[in-house]
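Report on one structure; see the data block that follows.
Each value in this text was obtained by applying a stated rule to the coordinates, not by laboratory testing. All values derive from a computational prediction rather than experimental measurement. Cβ sites come from the backbone with ideal geometry, for glycine too, and all protein chains shown count toward neighbours.
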Amino acid sequence: MSYQKKCSTAAEMLGYTYPRLHEGKNWFVDFFAFDPATGQMRRKKYMLDGIPKKSERRRKAAEIIETVTHQLRGGWNPWVNTQESRGFTLLSDVLERYMEYVDKKARSKTKHTYQSRVNILNQYLSSCVVPIKYAYQFDGAFINDYLDWLYLDRGVTERTRNNYRGWCYSFAEFMVSRKYIESNPVDHIPALDEKKKHRKDLSPTKLKQMRQYLKREDKCFLLACYMEYYTFIRPTELSYLKVGDISLKDKTIFVSEDFSKNKKSAKVALNDTVLKLMVELNVFAHPSSYFLFGKDFRPAPERCNADQYNRRWKKMREALGWSDEYQFYSLKDSGIRDLANEQGVVVARDQARHSDVSTTNRYIQEHSMLVHDGVKQFKGSLDDEDTPTDS
């Protein structure tokens, strides 16, 4: 490659060339900078012919070169208004900066989710005939087209589309705070009405069916199911638990703030049924540093992704002929329901580590609540003794 072509390629990558002094009939300093309006490199010149002495011309040229070089490296562009210049930052650079920010601030699961969002956005950009290039183009029209692509072309649900809208809002807020754009374009994009989340709790019959099947086929996964039903510990949290977090003496398991959803440490009670199966599976023969549910749900030195719970549950569900309304998380719904009915909603609230009873009540589906016959015959202080009771 010739020197001239190398310089041209470098200029396109940088968006500018470094300023140079030209001596001859005319003395001037020039450089090229990308003009977004034309989509081409455009020449900028500073004439020096008005300075009589050559020594003074060279001194002035050196000052211009030093100043302009510093400005160009700082993002200045002579063809763009100063107030709008950050809007012409490459969107790819903004996304890279955004992920650096996420890596610094967010939890590992959040990082993975946001990186996935960025990857999907890049997929959409690559599919566009004329993809946007600069930060200022991340506007309402573009975001609407992107969300329509997800919903109509990729066939995601209303809930998933709204989740992506939420991420676009968060990313746009990042851009606004750093002056890449003036306002958040997602403010004017409404969320779609979502279908009610379709997940059923498990009846006592189904719970027994599950237990019988897993006792025969997979006791290690049965322990994971017991943990979800009796302790209400979320799947991601389960994946971080270690053997050393279990206290046989206190019959508890410690959930650290390092990986708990509410970022608070807590001790959760362990049911005798859970402990009995742990002993049967020789869980406590493993080092305390081992993860409780490694590969194949056995204690292991390496953590296994939380996705394994849903994958294994799906295999069991298909074997039992259950519909997809019954999910691994249905065990938590069922456990909260059964504990609330037997010990009261406050006990269930504390075991679930909910901040208030209203959160616990959302887990207790209406068709699962018991109706106590004794209430039908309850006589309060307002009762009229002569009032006949319904038979």
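Filtering the stretch 188-241 to residues that are of a type in the set (Val, Ile, Thr), touching a residue at least 12 places away in the same chain (Cβ under 8 Å) and not in a loop (DSSP other than H, G, I, E, B) leaves Thr231, Thr236. Applying the criterion of being outside any helix (DSSP H, G or I) and at positive phi to the residues of the stretch 280-339, the residue that is farthest from the chain's Cα centre (by Cα) is Asn282. Candidates are the residues of the stretch 165-186 that are within 20 Å of the chain's Cα centre (by Cα) and of a type in the set (D, E, K, R); the one that is farthest from Ala135 (Cα to Cα) is Arg165. Does Val80 meet the test of being surrounded by 16 or more Cβ atoms within 10 Å (Cβ to Cβ) and in a loop (DSSP other than H, G, I, E, B)? Judged against the criteria, Val80 is a match.
Look at the stretch 242-258 and say how many of its residues are free of Cβ contacts under 8 Å to residues at least 40 places away in the same chain and not in a strand (DSSP E or B).
Start the filter on the stretch 242-258 by keeping residues that are free of Cβ contacts under 8 Å to residues at least 40 places away in the same chain, which leaves 247-254, 256-258.
Filter once more, keeping what is not in a strand (DSSP E or B): 248-251, 256-258.
Qualifying residue count, the stretch 242-258: 7.
Here the stretch 224-273 is the region considered, the condition is being under 19 Å from Asp338 (Cβ atoms) and among the polar types (S, T, N, Q), and the residue that is surrounded by the fewest Cβ atoms within 10 Å (Cβ to Cβ) is Thr273.
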